[in-house]
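For reference, the structure discussed in these notes is given below.
The values are calculated or read from the model by the stated rules, or taken from the named source; none is laboratory data. Predicted, not measured: the structure shown is a model, and the values here were computed from it. Glycine gets a Cβ as well: all are built from the backbone with ideal geometry, and neighbour counts include every protein chain shown.
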Amino acid sequence: MAPAVSPWADSLGRAGSRAAQTLLIAAVVAGLVWVLLRIKVVVIAAMVALILASAVGPVVKWLERRGWSNLLATLTAFLGILLLLGGVITGIVLTVRNQWDTLAAQAGEGWTELQRLLQSSPLPVDTASVDAALRRAGEFVSSGSFAGSALSGLSAAATFLTGLVLMVVILFFFLKDGEKMWNFTLRWFRGERRARLAESVDRGSQVLGGYVRGTALVALIDAVFIGAFLMVVGVPLALPLAVLVFVTAFIPVVGATVAGIIAALVALVTNGPGTALAVVGWIVLVNQIEGNVLQPVIMGRTLSLHALMVLLALTVGTLVGGIFGAILAVPYTAVAWAVIQVWTDSYQVGDDPVLGPDPVNPKDRVEAKATMAERWKYQRMRYQQALGGRFGATEKDAARQEDPGQDVPGDPVGGRDTDTDARRS
């Protein structure tokens, strides 16, 4: 009797099976995305905390290598972040409060002067329409619709404060127990998967921390130069505008433009068109120096993303998460790309400890393959060097991987080497 032939054995059946699998995976992914969007506050808080932990984590490890306990090093770095943010916010509030009366008077005088210039200019500007628009804006402020909008704003502020508190708590535990959390996750995997996962997190942490530290340095330089120029030309609220420049620098492509427009508008209303043009010219000059000098020198090849990919990630992040999505989209896209490169054996930036020297021919990057022994040696080097030799894959673990017949060590990354502990005791 001839064996029964499965109806899925032919090419059409296999294609249908693959299509069903693809639809199932797409449905699972869509469901996961829907759940994450429902808890967007928690997701954004965790992502912001992870970015800050990646940037400040090396400081905690540096303190630990100098004899500080984990708790003391974590508290020092954590309190340092809180004091820095609190000091900046306090400075902004005090500056705005002290300059508010002067700013209001200058704004009224500047608006009158701007209207006079528009009336005498050859530009076809209807000042009556502008006045009518301002009256409608005033009527809206005094209406019930504005009260409803204000209540919505209070609700958004409460949500923001909730996310801020949650982010602070998550950040503390990431700094204190981040290594333990990740090592616990790694224990559920074995062999090459564990090695690749460990390497993926290591690469992602490098990209994330490097991006944050590099962008923060570039943003600080921009804020100092632009804020100093605003003070020199007498633009009020120079400190808050400098902080705005610093924050918007974390939004690629459009951040500098937004900060420049706001600074120019403040200068236009308070100091007149001449000062506004000077502010625009200075901001353009600073942005050119940033793009052509500071970014290549400080950032290097941290992102390794095409400009189109940056723009698409920025757009999607803004649509999904608003201003926070715009800030988080690009660094996490770079992390995702770094992880993909690890799993395709194509990660290469300079002399790589896994893949070796950077080849001249870019095509060789994809062809380069790292053996398990090389991956374990890399993990041993990274983790033992970072943690002072207390944790990490050991010499014995790496030696075992040179013989493919040997079993993969049970606790290669993050566990203790029992032989080493016995020798120390």
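List pairs: first in segment 269-287 and closer than 27 Å to P252 by Cα, second part of a helix (DSSP H, G or I) and not hydrophobic (A, V, I, L, M, F, W, C), Cβ under 6 Å, 6+ apart or cross-chain?
Once the first residue is closer than 27 Å to P252 by Cα and sits in segment 269-287, its partners that are part of a helix (DSSP H, G or I) and not hydrophobic (A, V, I, L, M, F, W, C) give I283/G260; V286/D222.
Give the residue that is farthest from G57 (Cα to Cα), with candidates limited to residues of segment 188-205 that are assigned to a loop (DSSP other than H, G, I, E, B) and at pLDDT below 80.
R190
Looking only at segment 17-30, decide whether some residue is over 31 Å from the mean Cα position of the chain (by Cα), surrounded by 11 or more Cβ atoms within 10 Å (Cβ to Cβ) and modelled with pLDDT under 85.
yes
Six or more apart or on different chains, Cβ under 8 Å: which pairs go from a residue in segment 213-236 that's on the phi > 0 side of the Ramachandran plot and in the same structural domain as V280 (by TED's automatic domain parsing) to one that's assigned to a helix (DSSP H, G or I) and among the hydroxyl-bearing types (S, T, Y)? Could you list them?
That search, which allows pairs on different chains as well, returns G234/T275.
How about segment 187-205: which of its residues are in contact (Cβ under 8 Å) with a residue 40 or more places away in the chain and not polar (S, T, N, Q)?
R187, R190, G191, E192, R194, A195, R196, A198, E199, D202, R203, G204, listed by residue number.
Inside segment 259-375, counting only helices (runs of 4 or more DSSP H) that do not spill past its ends, which hold 1 or more residues that are modelled with pLDDT of 85 or more?
Hits in segment 259-375: 273-289, 307-343.
At pLDDT 80 or above, among the charged types (D, E, K, R) and out of contact with any Cys (no Cβ under 9 Å at 6 or more places or on another chain): does that describe D131?
no
Can you tell me which residues in segment 33-75 are among the polar types (S, T, N, Q) and surrounded by 16 or more Cβ atoms within 10 Å (Cβ to Cβ)?
Within segment 33-75, S54, N70, T74 qualify.
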